[in-house]
Amino acid sequence: MTRRHELQRRIRTLGEVDEIMDSMRMLSLLEARKLAKFIDCQRTVVATIRATAADFLASYPAVIPERRTDRPVLLAIGTDRGFCGDFNALVRDRVLALAADGTAPVVAVGRKLAADLEPLGNRLQVLDGATTADEVPQLLQHIVALLDALSESSGGLSVRVVHHGGDAGRLIETVLLPAFADLDRPEPVQPNPVRLYLTPGTFFAGLVEQYLFAQLYEIAFTSLLHEHQRRVQHLEGATQRLEETLDTLARRQSTLRQEEITEELEVILLGVDLIEPGSD
């Protein structure tokens, strides 16, 4: 009896865990669907700003700042929560490789990722990550404030972001600052320059600010989308294995119950055998 009761308690506990994991999976699935709607819009915004920058820089190439040659600040986008497979491990490995021979600071977004980057010591700065789309604006404010502080202390800044992105969720490196560094440098003379109501420097500064936030939004939304997709996949696999375990335990419980019934019948029959001789 004790063995079956212990088995019942274990089945009940695993059943509760299964319900919790299924709830987590559903929440991540809903959040992933919401994020997918945001990302297409955000990609359009970034593409529009980049097209505007290309036209502007073709007319006013002199506003392009000198490219920095020092090692960039690394901004690593990870997670605050687990159950997402090797999501953080891939970011960690790439960041440690990039930071191996440098002294530039590393900013880790997400406590789970930060725990993996502890070997960086005092070079590491940590920000809490976003777990839902609604938390992204506050996260971006913290990132920009930290980058502003680093820029003031170093007299300029170049930033490379390591994050999951693209349609396949592969690991990507995005140059955030200097802005538009991946655009081809235009020819120095354009026959029909873009007309502006602002000075070229003022216009470019405002464009960079808009681009910075738009690019960060796209990176944060895309990374969070792939985090939730990984979590859904991970929890589906874990739930399947747990349900298989529950099926095995249920069969074992049935076997133990049958053994108990057999033992009870044997006791009853033994009692009958003991009573029958006395009744003659």
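Yes/no matrix, rows are residues, columns are (1) touching a helix residue (DSSP H, G or I) at 6+ places or on another chain (Cβ under 7 Å); (2) β-branched (Val, Ile, Thr); (3) modelled with pLDDT under 95:
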{"residue": "Ala97", "(1), (2), (3)": "no, no, yes"}
{"residue": "Pro105", "(1), (2), (3)": "yes, no, yes"}
{"residue": "Arg123", "(1), (2), (3)": "no, no, yes"}
{"residue": "Val126", "(1), (2), (3)": "yes, yes, yes"}
{"residue": "Thr131", "(1), (2), (3)": "no, yes, yes"}
{"residue": "Asp134", "(1), (2), (3)": "no, no, yes"}
Q. Counting just the residues of segment 189-243 that are outside any helix (DSSP H, G or I) and of a type in the set (A, V, I, L, M, F, W, C), which one comes out surrounded by the fewest Cβ atoms within 10 Å (Cβ to Cβ)?
A. Val189
Q: Kindly establish whether Leu124 is surrounded by 11 or more Cβ atoms within 10 Å (Cβ to Cβ), within 21 Å of the chain's Cα centre (by Cα) and under 17 Å from Thr103 (Cβ atoms).
A: yes
Q | Inter-residue pairs, beta-carbon under 6 Å, first closer than 15 Å to Leu212 by Cα and in segment 128-156, second at pLDDT below 90 and of a type outside the set (Lys, Arg), 6+ apart | A | Ser151/Leu157
Q) Counting just the residues of segment 31-58 that are crowded, with 17+ Cβ neighbours inside 10 Å and among the small types (Gly, Ala, Ser), which one comes out nearest to Arg251 (Cα to Cα)? A) Ala32
Q. How many residues does segment 87-127 hold that are free of Cβ contacts under 8 Å to residues at least 24 places away in the same chain and either of a type in the set (Asp, Glu) or not in a loop (DSSP other than H, G, I, E, B) (or both)?
A. 12
Q. Being touching a Lys or Arg at 6+ places or on another chain (Cβ under 6 Å) and crowded, with 17+ Cβ neighbours inside 10 Å, is that true of even one residue in segment 135-148?
A. no
Q.
Among the residues that make up segment 9-30, is at least one of them within 21 Å of Tyr217 (Cα to Cα), surrounded by fewer than 16 Cβ atoms within 10 Å (Cβ to Cβ), more than 23 Å from the chain's Cα centre (by Cα) and not basic (Lys, Arg)?
A. no
Q. Given the conditions (1) in contact with a Lys or Arg (Cβ under 8 Å, 6 or more places away or on another chain); (2) part of a loop (DSSP other than H, G, I, E, B), and given that Pro65 satisfies all but one, which numbered condition is not satisfied?
A. (1)
Q.
Among the residues that make up segment 205-225, is at least one of them touching a Gly at 6+ places or on another chain (Cβ under 6 Å) and at pLDDT 90 or above?
A. yes
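The values are calculated or read from the model by the stated rules, or taken from the named source; none is laboratory data. Remember, predicted model here, so these are calculated numbers, not experimental data. Quick reminder, even Gly has a Cβ in these numbers, built from the backbone with ideal geometry, and neighbours come from all protein chains shown.
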